Structure formats: structure tokens, C-alpha cells
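Engineer: The following block contains the structure, expressed as C-alpha cells.
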Amino acid sequence: APAAPPPSGVPATPAHPPAPPRAGPPSYRPPPSYRAPAYDPSAPAHVHDGFFLRLHVGAGYTSASGTTGNGDHVKLSGAGLSVGVAVGGAIAENLIVFGDLFLSLADRPDMTQLEVTTSLNGSAALGGFGLGLTYYVMPVDLYLSAALAATSFSASDAFGKTVYQSDAGLGFQAVVGKEWWVSSDWALGVAGELVVASMKDHDDANLTWAGSVLSALFSTTFN
């Protein structure tokens, strides 16, 4: 029988050889094809991809004018609230396709008829819904947005009676903005908006409304 190892603390002798070393767990070796991912310190912390949602609110100046079948020039214009929402998704990094809905209201707008300007005790509204693209210039997070939209215009008095109303027309919306990330997906920003539109009047076939909106906006975006 093999000799027993010496008791603890007793030197090894031929009669009591040292105990064999204990075998440890087998060491792990990655497969030959494995390569550890390299750390890229220049990789951006935020990217624009996936689901997209942008809400904006601000102040806008709305104007709509045209010439009636009798040759009278009509114009309504004034400042008020501007709101909008855009929903879509990325089709490539930093390139978003979206559908949007926007509306600008003018409270107590100036109304010019027969070269006489009065204040309409009511409101005027120009809004639309359309389809567009947004492109982000990174890493500054500046974006350019453009959309074609179906638009309409209306004006009503303080009692809700419609003074003017258009049929659906064609419009173009352009937005230029700058955002700042506040989390991995949310950003806050500021923007400028321009809307131009052409719409036939609902009652006067000879009257075509030329509408426009200029707005300064605050926005919040999830992307």
C-alpha cells in the first residue's frame, strides 16, 4: 500500500511523501473563432432609430387671404397657439418617416374687407394632416423636417357661427429645430415652423385662400 502523507506540520520523509496537489477546475478557453468586442470610445451615446414621436407647442402667426368672385380682397391674420404631433419610425439611422397633424389658431384676428380692417370677435384656424420626412444632422442633433399635407381654413365669430370656410387643399410644412437629449430616448428642443397652403372656399368657387403660418415652437421627442 502507498505510504500515507505526513500529518499536518510534519516534514515529508520517504516513509511519508508529500500529498499530491489537488486538481482545480478545468480552465475555460474561448473557441478559436471568438474575438472580444472592441470598445469604441467614439461611438455616439444617442442615435435616432426605431419608433418616433414628436409633440410641439408654441406661438404662431396665421394669415389667409384671397379675392372673392366680386373682386373684393379678403384677409384674416393674427397671432395665437400653434400645436402639432408627429408619429412614425426610422427607415435608416437619423432618417424618419412620419405622419403628422398640426393646427394654428388666431385669436380675434384682423379682418380686412373692402379695404377696411376690423377685429373679428372670434377666431381663425389653419390646420392639416400629412406625410413627411425628418433628417437629423448628428452629432449636433439639428433636424430638418418637411411634409405634404391636406389643409383647411376656417373663421368663426364669438358665437361659433362660421364666417369663412374652405374645402380641403394642399399644403407644405417645413420645420427646422435643435434638440438636447435628457435621457436615452427623450429629447427637448426648440424649432421654427413654416406652413403654406392653397384652398378653395367652401361657398365661393372663385375664391382661393392662400394661407400661411409662422411659428416658434417648443418640442419633446421620443426616439
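The values are calculated or read from the model by the stated rules, or taken from the named source; none is laboratory data. Remember, it's a predicted structure, so these values are computed and weren't measured experimentally. When we count neighbours, we look across all protein chains shown, and the Cβ atoms used for this are built from the backbone with ideal geometry, even at glycine. With ligands, DNA and RNA removed, areas are computed over all heavy atoms of the protein, side chains included. Shrake-Rupley method; radii C 1.70, N 1.55, O 1.52, S 1.80 Å.
Engineer: Which stretch or stretches of the stretch 194-223 have amide N atoms under 13 Å from the point lying 7 Å from Ala59's Cα along the Cα→Cβ direction?
Structural biologist: 215-218, by backbone N distance to the label point.
Engineer: Hey, for a label at Leu214 modelled as a point 7 Å past Cα toward Cβ, could you say which residues of the stretch 172-197 have their backbone N under 12 Å away?
Structural biologist: 193-195
Engineer: Can you give the FRET efficiency for Leu95 and Leu194, using 1/(1 + (r/R0)^6), R0 = 25 Å, r = Cβ-Cβ distance, to the nearest 0.05?
Structural biologist: According to the calculation, E is roughly 0.75.
Engineer: Hey, another quick one. Any idea what diffusion coefficient the stretch 52-197 gets from Stokes-Einstein, in µm²/s, Kirkwood Rh on alpha carbon pairs, 10 °C, 1.306 mPa s?
Structural biologist: In µm²/s, the coefficient is 96.
Engineer: Just the Cα atoms of the stretch 46-109: what Rg and Dmax do they give in Å?
Structural biologist: Considering the stretch 46-109 through its Cα atoms, Rg and Dmax are 17.8, 58 Å.
Engineer: If you don't mind, another one. Got a number for carbon plus sulfur as a percent of the stretch 42-106's accessible area, 1.4 Å probe?
Structural biologist: 65 percent
Engineer: How far apart, in nanometres, would the label points at Val182 and Leu131 be if each is projected 7 angstrom from Cα along the Cα-to-Cβ direction?
Structural biologist: Between Val182 and Leu131, the simple spin-label model gives 3.2 nm.
Engineer: Given the alpha-carbon gyration tensor of the stretch 144-217, what are the semi-axes of its equivalent ellipsoid in whole angstrom, ordered largest first, with each equal to the square root of 5 times an eigenvalue?
Structural biologist: Calculated on Cα positions only, the semi-axes equal 33, 15, 9 Å.
Engineer: Okay, next question. With no solvent and one equal point scatterer placed on each C-alpha of the stretch 110-154, evaluate the Debye formula and give log10 I(q)/I(0) for q = 0.21 Å⁻¹, two decimals.
Structural biologist: Per q value, in the given order, log10 I(q)/I(0) is -0.78.
Engineer: Please go through the stretch 74-183 and write out the GluC sites (Glu not before Pro) that DSSP classes as loop and that have at most 16 other C-beta atoms within 10 Å.
Structural biologist: Listed in order of number, the matching sites are Glu93, Glu115.
Engineer: Students sometimes get this wrong: rank Lys161, Lys178, Lys200 by accessible area, probe 1.4 Å, all chains present, largest first.
Structural biologist: Lys161, Lys200, Lys178
Engineer: With just the Cα atoms of the stretch 101-182, tell me how far they stretch along each of the three principal axes, in Å, largest first.
Structural biologist: Principal extents (Cα only, largest first): 51, 25, 25 Å.
Engineer: Show which lysines lie in cross-link reach of Lys161 when reach means a straight Cα distance below 23 angstrom and same-chain residues fewer than eight apart are skipped.
Structural biologist: Lys75, Lys200
Engineer: May I pose another question? Assigning unit charges at the beta carbon (Lys, Arg +1; Asp, Glu -1) and nothing else, what dipole magnitude in debye, to the nearest 20, does the stretch 106-223 show about its Cα centre?
Structural biologist: For the stretch 106-223, the charge dipole is close to 160 debye.
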